[in-house]
Every structure is written in C-alpha cells, then in structure tokens.
1. Being more than 16 Å from Gly520 (Cβ to Cβ), part of a loop (DSSP other than H, G, I, E, B) and touching a helix residue (DSSP H, G or I) at 6+ places or on another chain (Cβ under 7 Å) is the filter here; which residues of region 566-605 pass it?
2. Looking only at region 545-569, filter to residues that are in contact with a Lys or Arg (Cβ under 7 Å, 6 or more places away or on another chain) and small (Gly, Ala, Ser); which one of those is farthest from Glu673 (Cα to Cα)?
3. Of the residues that sit in region 317-351 and are hydroxyl-bearing (Ser, Thr, Tyr) and part of a loop (DSSP other than H, G, I, E, B), which one is nearest to Ser301 (Cα to Cα)?
4. Counting only residues that are in a loop (DSSP other than H, G, I, E, B) and crowded, with 18+ Cβ neighbours inside 10 Å, which one in region 366-406 is modelled with the highest pLDDT?
5. Within region 264-293, take every residue that is out of contact with any strand residue (DSSP E or B) (no Cβ under 8 Å at 6 or more places or on another chain) and surrounded by 17 or more Cβ atoms within 10 Å (Cβ to Cβ) and give me the one that is farthest from Leu202 (Cα to Cα).
6. Given the options Ile174, Ile224, name the one that is β-branched (Val, Ile, Thr), touching a residue at least 24 places away in the same chain (Cβ under 8 Å) and over 24 Å from Phe366 (Cβ atoms).
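The values are calculated or read from the model by the stated rules, or taken from the named source; none is laboratory data. All values reported here derive from a predicted model rather than from experimental measurement. Cβ coordinates were reconstructed from backbone atoms using ideal geometry, including for glycine residues, and neighbour counts include every protein chain displayed.
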Amino acid sequence: MIPEEHPFEGLTSIAVIGNYLPRQCGIATFTRDLVEGLSDRAKDINCWAIAMNDRAEGYAYPEKVRFEINQNKLADYGIAAQFLNISHTDIVCLQHEFGIFGGPAGSHLLKLLSNLHMPVVTTLHTVLKDPSPEYRNVMIKLGELSDKLVVMSRKAEQFLQEIYGIPREKIAFIHHGIPDMPFIDSSFHKEKFDVEGKRVLLTFGLLSPNKGIETVLQALPAVIDRYPDVMYIILGTTHPHVLQTKGEAYRIMLQQIVHNLNISDHVIFQNNFVPLRDLCEFLGIADIYITPYLEEAQITSGTLAYAMGTGKAVISTPYWYAQEMLAHGRGKIVPFNNPGALAEQINALLCDDTQRHAIRKKAYTFTREAVWEKVSKNYLDLFNEVRQKRIRHPRPRHSYVENIKAITRFDLPEIKLDHLRSMTDDTGILQHADHTIPSRLHGYCTDDNARALLAAAMGQRYLPTNGLGLDALSGHYLGFLLYAYNETNGRFRNFMTYARVWVEETGSEDSHGRALWCLGKAVAFLENSDHLAMSTILFKKALIATEHFRSPRAVAFCLVGLDGYLEKFSGDSDAKRIRDVLAERLFTQFCENKTDDWPWIEDTLNYANAKLSQALLVSGRRMENHEMVKMGLDSLTWLFSIQTADHHFVPIGCNGWYRKKGERARFDQQPIEAKSMVEACAAAYDISHDRQWFENAVMCFNWFLGHNDLNMPLYDPKTGGCRDGLMVDGINQNQGAESTLAWLLSLMTLQKLYADELLHQSSPWSTG
C-alpha cells in the first residue's frame, strides 16, 4: 500500500532510541519495526535510530542506526544528547525498559533526556506496580522529562496515574505494533515444517525462567492421551542475559522434563532467533498459541500481540496484558502454574473447532488496529501533537551555560568584539556563519554593514578604544556603504556575492531605511571628522529617495535615523521637513488601522515591530506632538504585553508571525526582535521617565542571556557573538552578523541606559 502523504509540515527528522536488531530482544525488534513503520508511513520524514549497547563491541547494525550508546557509560548519554541537538532532530521517541539503561534503576538515561532540546515521546515497555523508591523516582522523572508517555495497555495507564501521579493528559494509549498478516488456515504451511496432519501448539520468545514453559510440558501428557498427534513447538533462543549469567540451565531443565515425561516425540525445540518472515510462518502453523507466564506483572507482550495478530486461538495465564487483550472471548485464561487446568483448556479447544475459530476471528479482528501501518500513523499523529504543543507552550529548561546569568541592575557583560572581527574581511562583514565560522556562500549585505557601522561608532563612545581598532572598523563598514549607494537612482543596493558582484541595482525600501537609520545614528556618535563628513554626505544623498516611501518599517527606520542625525545637526531644515512628512504618514497609518483590541498599524505583527513604536516616540518628542508620543507609548505597551510570559520576553516568532485573530508563532524567535524592543523601551523610559520602561528594557535584554522560553542563552561569552535564534527544539547555533550585531547594539544601549541612570541625566535619548 502506498502511504498517504503525511500532514506534518515541518516534521522532518525523528530519532528512536532503544535496543536494535541484530541485538536479540523484544525491544530491539519493536524499535526496528517502529523505525521501519514510520519510514514506510511518511517517506519524506527522516526516521533513524540510536541503539543501546550491552557490550563494548556493539553489534553489526544496519544503516538506520546512526549512533550507539554504551548503556553503562554515563558520558555516552550526554554525548548522545549533544549529537541529537546538533542533528536538528524534531522528535525523540524513547523505548523504555529499566534494564536497558545504566545506573541505579536505569537513571543514566535522565542525563540524556535532561539535555535534549526537542520534544520526547517515551514508550513504556514496563510499568511496575510495586516499585522500590529508586525505580519510582526514575519513572516520575521520566514522566517530567517526556512530553508524552505511550502505554500499550489500559492497566499501565491506570498504574501511571494511581502509583506515580502522572496526569491523564500526559499519557497516550497506542497498541503494540504487529505485522499485517492474512487470516489463514493453520494447515497451510504445516508441510513445510514437517508437521502436516498434526495439531500444533506453539510458544515463542526468548527463553528465561519466568516464561513458565515447564507448565505446558507438564500438561502435555494429558493432552497426548486424548490427541496423540499433538506437537508442541518451543521457538526461541535463550535470552542473551540469561545465557551470560546462567548459561542454558533453563533449556536443559526443560529438556529433562521432556525426557522424564517421555514426550520427546511431541516436543520440538527450535533454538533460533528467527526473522519476522519465518516467525509469521511458524505462527501460521499453530492451532493454539500458549503464553504460560508465571507472574501477573507483565504489562505488555509482543509475542501475545503477534499471535493474536495472526489469528491464533490463545490460551494464557492471567498476567495483566493477557487479561486485557484476551477479554470478551478473544482467548482463554487459565490459572498460573496449573498444568491440569491448562491441559483441560487445550483439549476443550482442540475438540471444538467452532469455538476455536470464533476465538481466532475475534482476536484477528480486534488486532487490526494494531498493525504497524495504523500504529505508525498513531505515533506520527502524537509526534505532531506534542511538537505543536511545544511550539505553543515551550517547556523551560535548566541547563544554563556556566557563568551566564540575567542582569538585574548595573551588571552587564563585557563588550567583546572577537566574533565581529572574525566575520569581517577586506570587503565588509559577511552575512552568515556556520556556527562560528564565517560563511562565504551568502556573501554580504548593506543591512549588516550598516548595523556594523553603528556598532563601531557607538563602541567608540562607550569603549576604551585603545587597541580595539574601532575607528578602522567604522571606516571599513562606511566604505562598503559608500560603494553600495547607487548614484544613478539614489538608492542602496543590498546583496553582494562573495565575488563582489551586486545581486540587484536597487534594494528594498526596508533595506534603504535600515541603511539610513544606522547612518543617521552613526552621525550622532562618530568622532573621526573624516568619517563624520562622509557619513553625513551619504545620509543626505540617500535621504532624498525616502520622501515617497510607503513601507511602514522603511519609514520607521528612516525616522529613527533622522532623530539621530538631527541630534547632531538639529538645524537641518530639509531633514526636518522630510522627518515631518514621514512621521505624519506613519502616524496617519496608525490612526486609520488601529482598533481597541489591536492598536497596531497592520493586521500582522512580523519583524522589527518595536521600531514602529520607537519611530513615533522619538519623532513625536522632537516635533512636540503629544498625540504621536501617546500613540507610540500605547502601541509599545500593547506590543510588550503580548510578548511577555512568566516574567520573560517572548518575541513574535518568524515561523508564521502573528496575524490578527490568528494564532501567534512562538518560534523561531530572532535576536533582532529583542534588540528592537530594548531600544524602544529605552526610548520610552527616556521620554516618559516611567521606571517600568527601564525594567522592560532589562527584561528584553535578558532574553539574550537565557531568560527566555527555553532558559538557554543566545550570547556566547567565548566569542562575543550571538546565536541566530531560539527554535522550538533549542538554539540555532550559527552566529551570523545580524544576530551578533543585535547583541552588541542591545548591550551598548543598556550601557548607555545604565550610565544615564547613574549620572541622573535627562538629555534626549540618543541610541537605537
């Protein structure tokens, strides 16, 4: 069957953690089947595995296994988390059984989970009814670190709530997956296995003393007396861990029982770990399948699910999973360790074809919901659900980078320019980076070189410049802007390849506005007379084209730049005239579009939103237009209110933005948004003298330092750079120019804000 196209846009990579074939165990088979099922169901999703090793040399895994963990080596768990985070995995699906993880009660696993950035869905293969304290604590912690816990029985669901206090909404029920096999007569393949004309009983699985196979052997004489043609096949190797510690003692004990009961002609030991195809053929020849476990504490059983899925009449002892699966006439239950009752039930089914076939049909029909095609779809639906929930309601994390903390008062990180310099070559500052390595692939842009000019200019005011080379850097970036300006049309080009070829002759209104914003502000800070002169000339020439700009953000950028320029040259009548035209245009657009519940200029909040409010504030102050200032404060108040949660800043995410009456995008959060809010709040504080705006600016700045949705810092103290964004599954580790400059400009803005606070200055705000 060709799987339907999956509806999970954005879900591209799933990692499943567990044992994996050829390691011999039920979880290894389950993990392999789940990975293959997911891959078949959604072929455009990359599904792969991390395998747990119980021996140093590991196993000869297939290509689907991309990483291995030595279960007893704690360091491997942290390294695996790092590998998953770097691999941009969207979802981790963990297969949990206490014994496959190292540490007390398998607690090494918690190190891995606590360091993951992405959502985790954990499938529980064991849920203990009477756990010791350490096992109970590990399960509770596992519940906290997992976005969802998948159980394969309702009993497990009950235990999680009543014993471990895990809320119902945290739990999902999905059947144990089974292959989709046809409903065939048991005689169909008997000839192949030399049991043609025989009545076949079957038990399969890894042999261990808790399987209770001796009960079936003890029941056989009474069955053979009535049905001399009966054959009992015991299919499976001894469990590797049992083999390692006790050897073949259990198998030898079973063989001795067979010998003592004189039933050797009726028992076949198939000492093989058979592949799926062979297993299904063995199941196909069985007339009755038997699971004679000795204890009730079995919360799931793949062997029972497989047997029912092939339409077998099942007789079982009353362990938890069997009671649930065989209810309503889907199988027969006999007491634990009771050979007489078992023999009676086997004989009853062998003599009543009608009853046996009715049980078969009920079991087969019931398990159609458990075939891997449907189970895989259920898992994909669940993955999509938890991913969307994580986007809407991100979970705080507590793995702070050492020595990084949020600032509360006059406690700012040191300005460090290492990464700014590494991103700059003899042409200008490169746009992007692969982690901390400058990327030549995307070349340069005017936007970033303009911001870099502003950072270098502000740095000359607020940093000890001896040896820092900021004057040289500002000349470098200014030279790029001079070259970017197209004298023919009076507009800035924006994008340049690494080969120094302009991609276009005219950049967008927004990019032109950003260049003017940074040039105008740089004019207010530059002390080098040559740089000041060239910046002023370029600003004046580029200003001419802006009078007819319509893009609200382009207008806002220009207005903030004009405010900086007029701080230096307050008597420039032409600049004031264009400022008045643009400010009135922006103000009118606000007035015409705002509503009581959406006091904004547009029906969508997207990028650099706070620049619009800041432009109204600084322009209204210089023009002494109190209505314009009020509009700026009101819109910024609203903007701040919808971008805060739990006492931290939550910028509108660029992965969908926020449309009026729609659902806001929580991620991807960009540093440029935090910078815009820092500058706007600082301007609001300077104009209103309302202490709350000072605190708001600090809150927005703290977003860089880890007080955000994921409690993870974006600022890198080693490089002085800034990572590119806060994603749903962690941090975008690339440190591009825009992000690093957003950090530096925000830091310098806070430095000036604190300096003014210390000096009790009330002069007009002059940054941003």
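1. Of everything in region 566-605, those that are more than 16 Å from Gly520 (Cβ to Cβ), part of a loop (DSSP other than H, G, I, E, B) and touching a helix residue (DSSP H, G or I) at 6+ places or on another chain (Cβ under 7 Å) turn out to be Pro599, Trp600, Ile601, Glu602.
2. We begin by selecting, within region 545-569, every residue in contact with a Lys or Arg (Cβ under 7 Å, 6 or more places away or on another chain); these are 545, 553, 555-557, 559-564, 566.
Now drop any that are not small (Gly, Ala, Ser), which leaves 545, 556, 561, 564.
On the way: Ala545: 27, Ala556: 15, Gly561: 18, Gly564: 20 Å.
This residue is Ala545.
3. At the first step, the residues of region 317-351 found to be hydroxyl-bearing (Ser, Thr, Tyr) are 317, 319, 321.
Adding the requirement that they be part of a loop (DSSP other than H, G, I, E, B) leaves 317, 319.
Working: Thr317: 12, Tyr319: 10 Å.
Ranking the qualifying residues of region 317-351, first place goes to Tyr319.
4. Pro394
5. Going through the qualifying residues, I end up with Phe273.
6. Unique residue meeting the criteria: Ile224.
Matching residues to (1) part of a helix (DSSP H, G or I); (2) outside the structural domain of Pro599 (by TED's automatic domain parsing); (3) surrounded by 22 or more Cβ atoms within 10 Å (Cβ to Cβ):
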site: Lys661; (1), (2), (3): no, no, no
site: Arg666; (1), (2), (3): no, no, yes
site: Met677; (1), (2), (3): yes, no, yes
site: Cys681; (1), (2), (3): yes, no, yes
site: Gln692; (1), (2), (3): yes, no, no
site: Cys700; (1), (2), (3): yes, no, yes
site: Asn708; (1), (2), (3): no, no, yes
site: Lys718; (1), (2), (3): no, no, no
site: Ile731; (1), (2), (3): no, no, no
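One line per residue, one yes/no per condition, for (1) buried (at least 22 other Cβ atoms within 10 Å of the Cβ); (2) over 21 Å from Val16 (Cβ atoms):
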site: Val121; (1), (2): yes, no
site: His125; (1), (2): yes, no
site: Leu128; (1), (2): no, yes
site: Met139; (1), (2): yes, no
site: Leu145; (1), (2): no, no
site: Leu149; (1), (2): yes, no
site: Arg154; (1), (2): no, yes
